[in-house]
């Protein structure tokens with residue numbers, strides 16, 4: 001009888017350097033204080049540095065102000081086509097960014113709520129943001145809205161006009177990385193906004209004309225990013241704020257939140273923006289690499305199963321000699337992983353393997369009796385962190401009664417266990 005088993009090159013174990021370590025290494029270039037968070041909203045693991053520290057938001061805060069104003073639209077207290085007066089006294093001084101002031105040559109005007117939102121969110125216009133704050137009930141109204149949707153790591157206190165008159169005020173208008181995650185998650189899940197308002201604001205965030213050299217800098221050109229930037233400029237050789245927070249749509253269709261705050265930094269603007277871009281790219285690579293490993297593993301599973309059917313696959317012992325599968329039974333029915341999964345009626349998973357960002361795969365061979373009891377289980381391939389725990393767990397699995405069989409089960413661990421079916 002030919003020996004039965006499989007040679008399998010294990011998918012990979014994440015680098016011993018964690019994603020947080022890579023964030024910290026990149027952050028050193030800024031010569032300042034850097035906070036960052038990254039997580040896939042659909043069940044990913046959070047990576048965060050200086051998670052709860054407070055960073056000046058600058059124009060990032062136009063995003064939550066926009067949400068609070070749109071909530072008033074949803075309540076029927078405002079209409080998107082409603083014209084709102086904007087007074088010349090609300091314009092910032094010359095030299096500060098304001099397309100609204102510039103196109104109206106500093107005169108009083110009227111602007112629709114929709115256009116105020118577009119100006120504030122897509123073009124980062126300061127007086128447009130201040131008018132939206134006024135419509136949302138002032139800073140207190142914005143904070144009441146944020147608290148109502150469970151966002152606590154943000155403090156909105158002053159208008160953009162006030163921020164332009166006193167450099168120190170920006171430090172009391174702050175956001176923590178975890179607060180940014182709370183905000184972006186709440187927005188993505190549609191908390192506090194109707195579906196139409198959420199879609200409108202997302203479109204405006206995706207069409208932002210500022211900050212292409214930050215989060216999106218090193219991502220594929222076609223990447224969809226809904227984001228809001230914030231900048232303070234430099235004073236006395238120090239930049240108080242260079243920020244970008246957003247939601248990146250991954251090739252898988254999942255959504256990656258990345259928020260980066262660079263504060264009190266001595267590095268030049270290009271370097272500060274590069275730090276943001278490199279952190280986003282590291283988070284992107286981490287997630288897309290895991291997907292590639294899964295695809296490669298699944299391809300290997302299919303290839304190994306064909307060899308399994310032909311009885312011509314072997315495994316090497318630690319001593320380098322071939323050994324026969326101890327789970328082989330003469331005349332036993334061979335089932336595919338999918339067929340094995342169909343017979344499975346009760347499974348138990350062990351505790352998660354130790355080690356940050358562990359991602360591994362393993363294949364096991366098992367022999368199941370006619371009453372559905374696992375009589376033999378052996379490792380065909382896999383990382384020891386995964387196989388040691390799984391061998392014990394699989395022995396307790398229960399299968400439906402029927403013809404005895406021998407088959408393979410393929411297990412992936414990536415922030416949780418799953419069975420390849």
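Numbers below:
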read-out	value
Tally of residues being farther than 22 Å from residue 267 by Cβ and surrounded by fewer than 24 Cβ atoms within 10 Å (Cβ to Cβ) across the range 52-80	11
Unique residue being closer than 16 Å to residue 118 by Cα and touching a strand residue (DSSP E or B) at 6+ places or on another chain (Cβ under 8 Å) when the list is 228, 216	228
Within the range 154-181, tally of residues that are under 19 Å from the mean Cα position of the chain (by Cα) and more than 17 Å from residue 62 (Cβ to Cβ)	4
Answer residue from the range 129-154, given it is closer than 17 Å to residue 230 by Cβ and touching a strand residue (DSSP E or B) at 6+ places or on another chain (Cβ under 8 Å) and is surrounded by the fewest Cβ atoms within 10 Å (Cβ to Cβ) among those	153
Scope the range 370-413; condition buried (at least 17 other Cβ atoms within 10 Å of the Cβ), over 15 Å from residue 349 (Cα atoms) and under 34 Å from the mean Cα position of the chain (by Cα); matching residues	379, 380, 381, 382, 383, 408
Residue match in the range 129-142 (condition: in contact (Cβ under 8 Å) with a residue 24 or more places away in the chain and part of a loop (DSSP other than H, G, I, E, B))	yes
Candidates 198, 170, 157, filtered to the one that is surrounded by fewer than 20 Cβ atoms within 10 Å (Cβ to Cβ) and in a helix (DSSP H, G or I)	198
Residues within the range 220-240 that are touching a helix residue (DSSP H, G or I) at 6+ places or on another chain (Cβ under 9 Å), touching a residue at least 12 places away in the same chain (Cβ under 8 Å) and surrounded by fewer than 17 Cβ atoms within 10 Å (Cβ to Cβ), tallied	4
Residue in the range 359-375 that is in the same structural domain as residue 344 (by TED's automatic domain parsing), out of contact with any helix residue (DSSP H, G or I) (no Cβ under 6 Å at 6 or more places or on another chain) and modelled with pLDDT under 85 present	no
Test: residue in the range 202-219 that is modelled with pLDDT of 95 or more, closer than 21 Å to residue 132 by Cα and crowded, with 23+ Cβ neighbours inside 10 Å	no
Sole residue being assigned by TED's automatic domain parsing to the domain that holds residue 258, closer than 21 Å to residue 135 by Cα, out of contact with any helix residue (DSSP H, G or I) (no Cβ under 6 Å at 6 or more places or on another chain) and in contact (Cβ under 8 Å) with a residue 60 or more places away in the chain, chosen from 192, 164	164
Flag for residue 189 being farther than 17 Å from residue 39 by Cβ, at pLDDT 95 or above and under 19 Å from the mean Cα position of the chain (by Cα)	no
Qualifying residue in the range 7-27 (condition: closer than 30 Å to residue 251 by Cβ, at pLDDT 95 or above, crowded, with 16+ Cβ neighbours inside 10 Å and over 22 Å from the mean Cα position of the chain (by Cα))	no
Residue under evaluation residue 24, criteria (1) over 26 Å from residue 163 (Cα atoms); (2) in the same structural domain as residue 148 (by TED's automatic domain parsing); (3) in contact with a strand residue (DSSP E or B) (Cβ under 8 Å, 6 or more places away or on another chain), criterion not met	(2)
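The values are calculated or read from the model by the stated rules, or taken from the named source; none is laboratory data. Please read all numbers here as calculations on a predicted model, not as lab measurements. No Cβ is skipped: glycine too gets one built from the backbone with ideal geometry, and neighbour counts run over all protein chains shown.
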